[in-house]
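Peer 1: I have a structure I would like to understand better, so I am pasting it below and will then ask my questions one at a time.
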Amino acid sequence: MNMIEVEGLTRRFGDFTAVDHISFTVEKGTVFGFLGPNGAGKSTAIRMLCTLLRPTEGSARVVGFDIVKEQGEVRRHIGLVAEKIILYDQLTAEENLSLFGRLNNLPEEQIKQAIDKWLGRLHMEAWRKHRVGTFSTGMKQRINVARALLHHPDVLFLDEPTLGLDPQTTHAIHQFILELRGEGITIVLTTHDMVEAEALCQQIAIIDQAKIVALDTTTNLKRLLSADNTTVIDVEIANLSEPMLSQLKNVESIASVIQSDTYHVRIHTRNTDNIAPILSALNAMGANVRAINTVLPTMEDVFLHVTGREMRDKVAASVPSVRGHRWSRASRVR
Amino acid sequence: MFGNLKGLIMHSLRLGIKDLLVFARDRMMLISFVIMPIFMMLMVGFIFPSQNVLKNVSFGVVNLDEGSMGGQVVLALQQMNRGQDERMFAITYLHSKGAAVDQIKYQTTSGALIIPSDFSATISTGEQASVILITDQSNPQVSAGITSTINGLMSAMANQLTVQRVAALVPNVPNPQQLVVPFTVQTEGIVAGKSNYFEFMAPGIMAMTIMFAAMTGLAGSISRERELGTLDGIISAPISRLSIILGKSFAQVVRGLLQALLTLILAVVLFGVVVHGSYGLLALLLLLTVFSFIGIGIMVSALASQQETAMTIMMTLTFPMLFLSGALFPVQQMPVAMQWISKGLPMTYAVEALRKCVVLGTGVSGMMTQIWVMLGFGAIFTVIAIPVFNRAITR
C-alpha cells in the first residue's frame, strides 16, 4: 500500500524553480530518503507534502489525502521534524509536548500516556520538567522527535534529522528511526549525508537542482555503477599533488576523480573494468603509488556517477541570490 | 459545527496561554513590559509643556528708573514669583541694557525687563510710558511665555494705577475698581478639582500601549515564530488557521490590557490622575481600542515574512498614529491638513473616547461617534485581514 503518491510536483518562487516535476511513491512501513546537496529542493519538497507550502504544479496524496484539497486530513496523519527545532525554549519538555498533543486533538489522558511512552523510549524522562532552553541540541532533537510522534502519525517527515548533532545522538536517532520503521511507521527523510541515507533508507531519491536524477532502492542505485561498467578504485599515492589530480581527470578511461584524504584518491572508470591504462598514466606522471584497491561503491559514488559532481563542494549555481525575488528569501530560509 | 467551535476555542486558548507563558518566563520581555509604561508616563508627563510653561526661567531685570514706579514694578514681579508653587523666574539684577543683551546672547538669561530712567517721570507728566522686554528669540515657546506673563503683570499694574487715579478724581465712587475693570473672565472646569497634564497624557499613553501590543506585538510574535521555525509546528497541526490568529491575538490583547491597566494605576497612584468616568466604560473602551487595531496587526503580520520587515512596516504605521492622533499633542494645535489626516486614524478616536471618559467623565451617549468609528475600523480590517493571513501563512 502506498502511503505517499507524488505526481509531477513542482514549486517555483518567482522565476526560480525549487522543485521541478518530481514523482515518486512511498510504500507503507518503509524509509524513503531524499539525498542531495543543500539547496537541491529537498526541504521544499517535504514542506509541500506537509501542507506548509502550496505546490505550483502537480499533485500529491499523503495517506490517501490530497495535499491541497484535504490539508486537514493530511495534517492529522503526519508528524514533522523540520530543519529547525519546533519547541519553545521557555517551556518545559512536558509543557511543549502537552501543547502539541492538544493541538493534535489528543485527550488529556492520552497525552500523558504518549509523553510517558516517547520520553521513555528516547531516554529523556529525567528531563521532563526542565525547560527546553537549558537542553543541548541533541536533547532538544530527542524531545522534538517525541513531539512529532506524540499523536502516532502514519507518516513521519524528518528534514535533516541529525544535522549538527554529535555522533552518539546521531547513532541513537538512527537506531530509533529503524525501530520506528519496524513498527510500521512510514518515514520520509532528507539528508545530505550519504552514510545516513545508506544506513536508513530502503528507497532513495537523489535530488539535484530541483529534479530527481535517480530513484531506486539503495542496492539498485549502487548497481547503476556496475551496470554502466563503472569500477570504483581507491589509490593511495604518497606524493599526491594538485597537478597530479588534474592530469588524472584528463585520462581517457577515467570518468571522475575525488581526493578522499591527503594520500587517497577515488577514481571512477569510464565504461570499463580495465584499469591498466590508469596504472600506466599514474606511472607516467611519476606517482608514488602505495596501494590500489577496487572498492564497493557507496552512495557518494552513486551521487557522483549520476550528477557528475561531488556533493560537498557544490553551492548550486541555481540557488538564487537571496534578494533575487520578493518571496524567495523568506520562503527559502527556514 | 459545535465540535469545530469547541476545538477552535480550545486551540486558540492553548496557543494564547502558551504565548503568555513564554512571555512571562522571558525576563527581559517582562522587564520591558513593566518599564515601558512607567518610562512613557515620566518622559511624556514631565517633558512636554504643561499649562504653566515657565519654570525657573532665568530672567534679567534692569531698573534704571529715577523715580519710584520702577521699584514698584520690580516689587510686583518679585511678589508674583513668590506666589507660585514653583518660581517662574530666577531673577538677576543687571545694570544696563547692554549687559542684558549680552546675557541673552550667551543664553545665560532667557529674557530681560528694562525699565527706562524716565519711566516715573513720563507717567507723572501725563504721557504714556513704556518698559522694554527683550527675549531670546531662539526659544519661541519660552519667549512667548515670558511675553504674556510680563504683559499680564504690567496691565495689572496699570489697572491698579488707574483705580487709584479714579478714586482720587471722583471721590464719591463706591467701587472705583468696577469703573476701571467692569467685568472679568472666570474659567471653570466641568469636573471638580484641578486638572493636570497627566490627565491629558494618561489616556493617550493607554491607547498607545494597546496600539503597540495589537500591531507591533502581534506581527512581531508571528514573525518571531516563523523565524524560529516553531510556526511550522503550529501550521502543520490539524487546527484551524483562525485559531492561530485568535490565540495570538488573545495573548497580545491580554498583554496590552495589562499594560494599559499598569499605566492607569501609575497615573492614579503616582501622578494623582482622577478617573471621572466609570471604570466599566473605561475597560470597554480599552477593549474596543484593541479591536480597532487588531485587524491592521493581523494584516501586517501576514504581509511581513520577517521580523525586521514587520518592524519597519509597523514603524511607518505607528509613528503617524502616535503623533497625529492627539495622544501626545493636541490635534487642535496642528495645521489643518494634519488635522484631516488625524481624522482618518483609528487611534484618534480611541484617544478622544478615552480622554472623554477619564478627564471629563462623559458617558457612552457622549462618545457614540468614536465608538462607531472604532467598531467600523476593527470590523473592516479584520474581515480583510483574516483571508489575507490564511493565504499568506502557506505560501
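Peer 1: Report, to the nearest 10°, how far helix B:197-212 tilts away from the longest principal axis of the Cα atoms in chain B, using its own Cα long axis and a range of 0 to 90°.
Peer 2: 20 degrees
Peer 1: Taking H as built 1.01 Å from N, whose amide H comes closer than 5 Å to the amide H of B:Val61, not counting residues under 5 places away?
Peer 2: Long-range HN contacts for B:Val61: B:Thr92, B:Tyr93, B:Leu94, B:Leu113.
Peer 1: Within the stretch B:57-180, what percent of beta bridges assigned by DSSP are antiparallel, to the nearest 5? Mind dumping the intermediate values first?
Peer 2: On the way: 4 of 15 bridges.
If we restrict to bridges inside the stretch B:57-180, about 25 percent are antiparallel.
Peer 1: Nearest 500 deg cm²/dmol is fine: what mean residue ellipticity at 222 nm does chain B get from its DSSP H runs of n ≥ 4 alone, each adding -39,500 (n - 2.57), divided by its residue count?
Peer 2: -22000 deg cm²/dmol
Peer 1: Can I ask one more? Of A:Glu27, B:Glu86, how do they rank once you tally other Cβ atoms within 10 Å and put the fewest first?
Peer 2: B:Glu86, A:Glu27
Peer 1: With only alpha-carbon atoms counted, please give the Rg and Dmax of the stretch A:231-296, in Å.
Peer 2: Answer for the stretch A:231-296, Rg first and Dmax second: 10.4, 28 Å.
Peer 1: May I pose another question? Work out from phi, with θ = phi - 60° and the Karplus expression 6.51 cos²θ - 1.76 cosθ + 1.60, the ³J(HN,Hα) of each residue of the stretch B:370-383, listed in order in whole Hz, and give x for Gly and Pro.
Peer 2: Computed from phi, the couplings for the stretch B:370-383 are 4, 5, 5, 4, 5, 4, x, 3, x, 4, 4, 5, 5, 4 Hz.
Peer 1: As a footprinting exposure proxy, order B:Thr263, A:Thr219 by other Cβ within 10 Å, with the fewest listed first.
Peer 2: A:Thr219, B:Thr263
Peer 1: Same structure, new question: Could I have the simple spin-label model distance between B:Gln128 and B:Arg165, label points 7 Å from Cα toward Cβ, reported in nm to one decimal?
Peer 2: Placing both labels 7 Å along Cα→Cβ, they lie 1.2 nm apart.
Peer 1: Still on this structure, please answer the following. Using r as the Cβ-Cβ distance of A:Ser226 and A:Lys69, and R0 as 41 Å, what FRET efficiency do you calculate, to the nearest 0.05?
Peer 2: Efficiency at R0 = 41 Å is approximately 0.40.
Peer 1: State the three equivalent ellipsoid semi-axes of the stretch A:75-177, derived from the C-alpha gyration tensor as the square roots of 5 times its eigenvalues, in descending order and whole Å.
Peer 2: Semi-axis lengths for the stretch A:75-177 are 19, 16, 12 Å.
Peer 1: Among residues other than A:Arg223 whose Cβ falls under 15 Å from its Cβ, what is the net charge (Lys/Arg +1, Asp/Glu -1)?
Peer 2: -4
Peer 1: Continuing with the same structure: Within 10 Å of each Cβ in peptide A:39-50, how many partner chain Cβ atoms are there on average? Round it to a whole number, please.
Peer 2: Working: counts 0, 0, 0, 0, 0, 0, 0, 0, 4, 1, 0, 4.
Mean partner-chain Cβ count within 10 Å for A:39-50: 1.
Peer 1: Okay, next question. Using alpha carbons only, how many degrees (0 to 90, rounded to 10) separate the axis of helix B:346-355 from the longest principal axis of chain B?
Peer 2: With rounding to tens, the tilt is 60 degrees.
Peer 1: If R0 is 35 Å, what FRET efficiency do you get for A:Lys117 and A:Gln168 from their C-beta distance, rounded to 0.05?
Peer 2: Details: r = 22 Å, r/R0 = 0.64.
That pair, A:Lys117 with A:Gln168, gives E of 0.95.
Peer 1: Evaluate 2.2 N^0.38 Å with N set to the residue count of the protein assembly as shown, then give the Cα radius of gyration divided by it.
Peer 2: 1.46
Peer 1: Now, a different point. Expected output is a single nm value to one decimal: the length gained when fully extending between B:Val173 and B:Val34, i.e. 0.36 nm times separation in residues minus the C-alpha distance. What is it? Show your work: numbers first, answer last.
Peer 2: Numbers: separation 139, 0.36 × 139 = 50.04 nm, distance 6.51 nm.
Result: 43.5 nm gained on full extension.
Peer 1: Still on this structure: Cα-based Rg (one decimal) and Dmax (whole number) for chain B, in Å?
Peer 2: Using the Cα atoms of chain B, the pair Rg, Dmax is 29.3, 97 Å.
Peer 1: Could you work out the relative contact order of the stretch A:231-296, using alpha carbon pairs under 8 angstrom and six or more residues apart, expressed as a whole percent?
Peer 2: Reported as a whole number, the value is 49 percent.
Peer 1: State the percent of C-alpha pairs, over all pairs in chain A, separated by a distance greater than 29 angstrom.
Peer 2: More than 29 Å apart: 46 percent of the Cα pairs in chain A.
Peer 1: If R₀ is 45 angstrom, what is the calculated FRET efficiency for the pair A:Asp216 and A:Ser136, using the beta carbon separation as r and rounding to 0.05? Mind showing how you got there, number by number?
Peer 2: Numbers: r = 37 Å, r/R0 = 0.82.
Here the calculated transfer efficiency is 0.75.
Peer 1: Which whole-number percent is the relative contact order of the stretch B:57-180 (Cα, under 8 Å, 6+ apart)?
Peer 2: Relative contact order, the stretch B:57-180: 26 percent.
Peer 1: Determine the shielding of peptide A:74-82 by partner chains: average, over its residues, the number of Cβ atoms on other chains within 10 angstrom of each Cβ.
Peer 2: Partner-chain Cβ atoms within 10 Å, mean over residues of A:74-82: 3.
Peer 1: Applying the Karplus parametrisation 6.51 cos²θ - 1.76 cosθ + 1.60 with θ = phi - 60° to the phi angles of the stretch B:335-342, what ³J(HN,Hα) value in whole Hz is obtained for each residue in order, glycine and proline being reported as x?
Peer 2: So the J values, rounded to whole Hz, are x, 4, 4, 5, 4, 5, 4, 4.
Peer 1: Given that compact globular proteins tend to follow 2.2 N^0.38 Å, what is the ratio of the alpha-carbon Rg of the stretch B:57-180 to that value?
Peer 2: Values: Rg = 15.9 Å, N = 124, 2.2 N^0.38 = 13.7 Å.
Dividing the Cα radius of gyration by 2.2 N^0.38 Å gives 1.16.
Peer 1: Please compute the net charge surrounding B:Ser120, taking Lys and Arg as +1 and Asp and Glu as -1 over other residues with Cβ under 10 Å from its Cβ.
Peer 2: So the environment of B:Ser120 carries a net charge of -3.
Every number in this text was worked out from the coordinates using simple rules, so none of it is lab data. Every value quoted in this text rests on a predicted model; they were computed, and no experiment measured them. Neighbour counts are summed over all protein chains in view; Cβ atoms, including those assigned to glycine, are modelled from backbone coordinates with ideal geometry.
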